[in-house]
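Beneath this line is the structure, given in structure tokens, with notes to follow.
The values are calculated or read from the model by the stated rules, or taken from the named source; none is laboratory data. It should be emphasised that the depicted structure is a prediction, and the values quoted were computed from it without experimental measurement. With ideal geometry, Cβ positions are generated from the backbone for all residues, glycine too; neighbour counts draw on all protein chains shown.
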Amino acid sequence: MAEFVPQEVMVIIASCIPVSLTFGERDPDTPGVETKLLPLRCASKAWRAAVAVAVKDHPGCGYYVLGASYASRPERVLDYARVFGGGCRRLTIMENFVGTYFPICRAFVERLGGGLVSLDIHFDRYVTAAQIIELGRLCPRLTKLHVEGCGYDDWEAGITEDDIDELAAGVSAACPLLEKVVLPTWGYSPVETYAMHFPKLRCLNFTREEHQAYEPPGPWLLDKVEASANACLNATECYFDEPDVGAPLPDLPLAETLARTSLRSRLTRIEFSPTADVRVSDETLLCLARGLPALRDLNLPCERGGLDFHKALCRARPELTRLGLGWDSRANDACVRHICERLRLESIQLDSGSACTAAIVDIIIASPCARTLREAEFNDISFMNLAKTLRLVRGCPNLSVLRWSLSEHVFSNLYRDLTAPGYRDVALSFQNLISILRSRGGRLESYELRDLIKKYS
């Protein structure tokens, strides 16, 4: 009867059949597939064709993981690629699989038909630069490549420090669409090693990673930084995490270098990890703010200074529209008042350990930011209970997205009130909070309250 059913209908039916990756019952080390698509594709040529079309967009076929345990039955892996590989867009390869079983790995990727957009290679001490480049040639549509924990601890095998230019240049030539790249750096940052080879990178990573096999690097390689900043024409963001080795986060020469590059006119966002080390000076931060006129979004490192610093920041870059004050911030109520009077913020973030008090809710509501604020994020702030949060949302008519990570004390009290009988007023307030944000086209985001948000929505 299949010949009387339009193919588009057959494709829709096949698309509704779940697909899940499993392990064989008799041999737990070999991969398998749990789905009724396999017998369906054997029913007729028409169903085989319909399944072949359906798997291209089937959510159950979009992601696959290869590991060393699969090498004992490579035919099972290759069969999956042959039947379901047309839909595979993301691939993770683990446990020395590429370096040890490269022919199997290459054959698997070949059968995917060049559809991969994301490739992750983790913990492979034997993988070589040439092997990664060869896989890249089979995946010309890649937008993300993540190579982590590879080549560090074996001096005679795998990727070495001398391979980085060859690896980056080869991968870049094979995969010209790459926007996110992670490669070994041997203690330096991506922007000092390989970023200049990938012109479509959107974020420049200045994080130096610690590694036992390497001595801490010295000062920033400013020539490499400048080359990356000028080469990555799509980059609009910079990211700094806590430095494990070497120089402080950004120092003053680095900030001055960035202000001289073409990044000056493009950089709109600088993010420090919320717990980033305080070795970065106020002077350096202000140099970045003054020297990058396109900057609009700034997440400060932790333990940032008080009123004088925040006054200087507002003078240096009054165009800021998004500001994160950082963990353990020394910003107090006076700082928030000055910020909200001088800046027209669309987003504000306050994290744990802040010197602020509950008075900032009324400070924000009374400021010009009450009209401009569209997003707010509060992480583990003890005074941001339901009443204060609802008051803030009501007082800021354009606030539509609220990210609310609750402190243990606030969460326990609120959860008790929302789940126990006799707290109707609390339930109504919580429901109102959700409703107001949704009426503005936004949402309440809270990991701790995710189940209750569904219940009261």
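Scanning for something more than 31 Å from the chain's Cα centre (by Cα) and over 21 Å from Leu350 (Cβ atoms), does the range 397-416 turn up at least one residue?
From the range 397-416, those more than 31 Å from the chain's Cα centre (by Cα) are 413, 416; that's our starting set.
Still in the list and also over 21 Å from Leu350 (Cβ atoms): 416.
Yes, that holds for at least one residue.
Going through (1) out of contact with any Lys or Arg (no Cβ under 9 Å at 6 or more places or on another chain); (2) buried (at least 18 other Cβ atoms within 10 Å of the Cβ); (3) in a helix (DSSP H, G or I); (4) modelled with pLDDT under 95 one by one, Leu418 falls short only on (1). Look at the range 324-341: where a residue is within 14 Å of Gly353 (Cβ to Cβ) and a partner is surrounded by fewer than 22 Cβ atoms within 10 Å (Cβ to Cβ) and among the β-branched types (Val, Ile, Thr), sitting 6+ places away or on another chain with Cβ atoms under 6 Å, you get Trp327/Thr275. If you check Asn385, Asn413, Asn432, which single one turns out to be within 26 Å of Ala366 (Cβ to Cβ) and either free of Cβ contacts under 8 Å to residues at least 24 places away in the same chain or surrounded by fewer than 16 Cβ atoms within 10 Å (Cβ to Cβ) (or both)? None of the other options fit; the residue is Asn432. Looking at Leu399, Leu444, Leu392, just one residue is assigned to a strand (DSSP E or B) and either among the hydrophobic types (A, V, I, L, M, F, W, C) or closer than 30 Å to Pro368 by Cβ (or both), and that residue is Leu444.
Conditions (1) buried (at least 19 other Cβ atoms within 10 Å of the Cβ); (2) polar (S, T, N, Q); (3) outside any loop (DSSP other than H, G, I, E, B), marked per residue:
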| residue | (1), (2), (3) |
| --- | --- |
| Cys340 | yes, no, yes |
| Ala355 | no, no, no |
| Ala358 | no, no, no |
| Asp362 | no, no, yes |
| Trp404 | yes, no, yes |
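Condition check: assigned to a helix (DSSP H, G or I) and crowded, with 19+ Cβ neighbours inside 10 Å. Does Val426 satisfy that? Here the answer is no, as Val426 does not meet what is asked.
Against the test of being farther than 25 Å from Ser273 by Cα and modelled with pLDDT under 95, the options Ser457, Ser367 yield a single qualifying residue, Ser457.
Filter the range 240-254 for residues that are modelled with pLDDT of 90 or more and closer than 15 Å to Leu221 by Cβ; which is surrounded by the most Cβ atoms within 10 Å (Cβ to Cβ)? Here the answer is Leu254.
Can you name every residue in the range 417-455 that is of a type in the set (S, T, N, Q) and within 20 Å of Gln349 (Cα to Cα)? Of everything in the range 417-455, just one residue is of a type in the set (S, T, N, Q) and within 20 Å of Gln349 (Cα to Cα), namely Ser446.
The set of residues from the range 77-96 being modelled with pLDDT under 90, surrounded by 19 or more Cβ atoms within 10 Å (Cβ to Cβ) and hydrophobic (A, V, I, L, M, F, W, C) comprises Val77, Ala81, Val83, Phe84. Among residues of the range 256-295 being farther than 22 Å from Leu307 by Cβ and part of a strand (DSSP E or B), the one that is modelled with the lowest pLDDT is Glu271. In the condition set (1) under 26 Å from the mean Cα position of the chain (by Cα); (2) over 30 Å from Tyr456 (Cα atoms); (3) crowded, with 18+ Cβ neighbours inside 10 Å; (4) free of Cβ contacts under 8 Å to residues at least 40 places away in the same chain, Leu350 is compliant with all but (2).
Collect the residues in the range 370-389 that are within 26 Å of the chain's Cα centre (by Cα) and either assigned to a strand (DSSP E or B) or at pLDDT below 95 (or both), keeping them in residue-number order.
Passing the criteria: Glu375, Ala376, Glu377, Phe378, Asn379, Asp380, Ile381.
Looking across the range 1-18, the residues that are outside any helix (DSSP H, G or I) and modelled with pLDDT of 80 or more come down to Pro6, Cys16, Ile17, Pro18. Residues that are of a type in the set (Asp, Glu), in contact with a Cys (Cβ under 7 Å, 6 or more places away or on another chain), closer than 24 Å to Tyr194 by Cβ and modelled with pLDDT under 95: does the range 150-166 have at least one? Within the range 150-166 (the criterion being of a type in the set (Asp, Glu), in contact with a Cys (Cβ under 7 Å, 6 or more places away or on another chain), closer than 24 Å to Tyr194 by Cβ and modelled with pLDDT under 95), the answer is no, since none of the residues qualifies.
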